[in-house]
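S.K.: Pasting a structure below so you can have a look.
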Amino acid sequence: MARRLGLEDYVTGLARGDRGLLARAITLIESSRPDDRLIARGLLDAIMPRTGGARRIGISGVPGVGKSSFIEALGTRLCDAGHRVAVIAVDPSSTISGGSILGDKARMNRLAQRDEAFIRPSPSARSLGGVARRSRETLLLCEAAGFDVVLVETVGVGQSETLVEEMVDLFLVLMLPGAGDELQGIKKGILELADIIAVNKADGDNLARAREAQAEYATALRYQRPKYDWWRPRSLMVSAREGTGLDQLWQAVDEHRAALESDDNLARLRRSQLMAWTRREIEDSLLESFKNHPRVKARLPELEAALEDGRLSPSSAAETLLADFGLDAV
């Protein structure tokens, strides 16, 4: 059995960039044990001065777009260029075991073998859209361990993207060639969040369709009000299989970073991220406390039966449970 580590072990291990220690630190912050939570809070406080310097990039895309292949191709190229790359890949969770079921390490085997890379598949545990509750802390631990690029892969296009956008500096959306119906069907919100749209699989017989899709997305972005006055979202073409377009994409990332670092934009964004994180922590902690409250747990079976029999409305059930918790319903 591995020796139980103390706070100083974690702090010094992260400072020297120990990937094995980083994995154990992430397991620590994901733990629900009270003693682990105590050490985890101390660890996060201790590493905060060494965080905030990495490029935080969220990556999403429609099913089948090739997110993992793209991340492996981009991550490998960044490692070759001297970067240290961490990938936080949030998997859908098994409804039976709660564990990750996609296995991103297996799907990014070439990148996982690089000493300059670290990949952490993280089960979503049924959290909203696949964003694990501790993904933010994982990101900070990766920064403290010296990774200067952190890629956050989401499960897919959905409501979770708004949560990821609160964590990252740049939001990249991957699309398939042949916009057409896909452009009509995709939620408007995802285009509003995107800083860069990249049409993947722009190779072979798909090349002409990829050019058409890229042009359609460029048009859609022109008619949309940008998130920031200092950055105009753009669309590009890439091929993860052939490695084409990746240099141009990273050039766009560099240009976004330069704009972000001007006029105090990065500092404002970091402050906004910290406040959003604090609000989410409060919400999550209150919900967890509510579900585990003795009076709530004792009353719940009775109210569930009344709801199923039609003797009680959801509003009345909620008010009763909130009163048991010690709160007045709004």
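The values are calculated or read from the model by the stated rules, or taken from the named source; none is laboratory data. A quick note: this is a predicted structure, and the numbers were derived from the prediction, not measured. Virtual Cβ from ideal backbone geometry, glycine too; neighbours counted across all protein chains shown. Calculation scope for accessible area: heavy atoms of the full protein, side chains included, ligands and nucleic acids excluded. Shrake-Rupley method; radii C 1.70, N 1.55, O 1.52, S 1.80 Å.
S.K.: Being under 15 Å from Asp203 (Cβ atoms) and either in a helix (DSSP H, G or I) or in contact with a strand residue (DSSP E or B) (Cβ under 7 Å, 6 or more places away or on another chain) (or both) is the filter here, so list the residues in segment 240-261 that pass it.
M.R.: Gly245, Leu246, Gln248, Leu249
S.K.: Is one or more of the residues making up segment 262-285 surrounded by 12 or more Cβ atoms within 10 Å (Cβ to Cβ), outside any loop (DSSP other than H, G, I, E, B) and among the hydroxyl-bearing types (Ser, Thr, Tyr)?
M.R.: Within segment 262-285 (the criterion being surrounded by 12 or more Cβ atoms within 10 Å (Cβ to Cβ), outside any loop (DSSP other than H, G, I, E, B) and among the hydroxyl-bearing types (Ser, Thr, Tyr)), the answer is no, since none of the residues qualifies.
S.K.: Filter segment 28-58 for residues that are among the β-branched types (Val, Ile, Thr) and modelled with pLDDT of 95 or more; which is farthest from the chain's Cα centre (by Cα)?
M.R.: Taking the candidates together, the pick is Ile39.
S.K.: So, restricting to helices (runs of 4 or more DSSP H) that lie completely within segment 1-93, which ones have at least 3 residues that are under 30 Å from Ala259 (Cβ atoms) and open to solvent by less than 40 Å² (accessible area, probe 1.4 Å)?
M.R.: 67-80
S.K.: When the residues of segment 310-325 are filtered to those that are in a loop (DSSP other than H, G, I, E, B) and open to solvent by less than 60 Å² (accessible area, probe 1.4 Å), which remaining residue is nearest to Arg299 (Cα to Cα)?
M.R.: Leu312
S.K.: Being in contact (Cβ under 8 Å) with a residue 24 or more places away in the chain and either surrounded by fewer than 10 Cβ atoms within 10 Å (Cβ to Cβ) or touching a Phe, Trp or Tyr at 6+ places or on another chain (Cβ under 6 Å) (or both) is the filter here; which residues of segment 291-309 pass it?
M.R.: Within segment 291-309, His293, Val296 meet the criteria.
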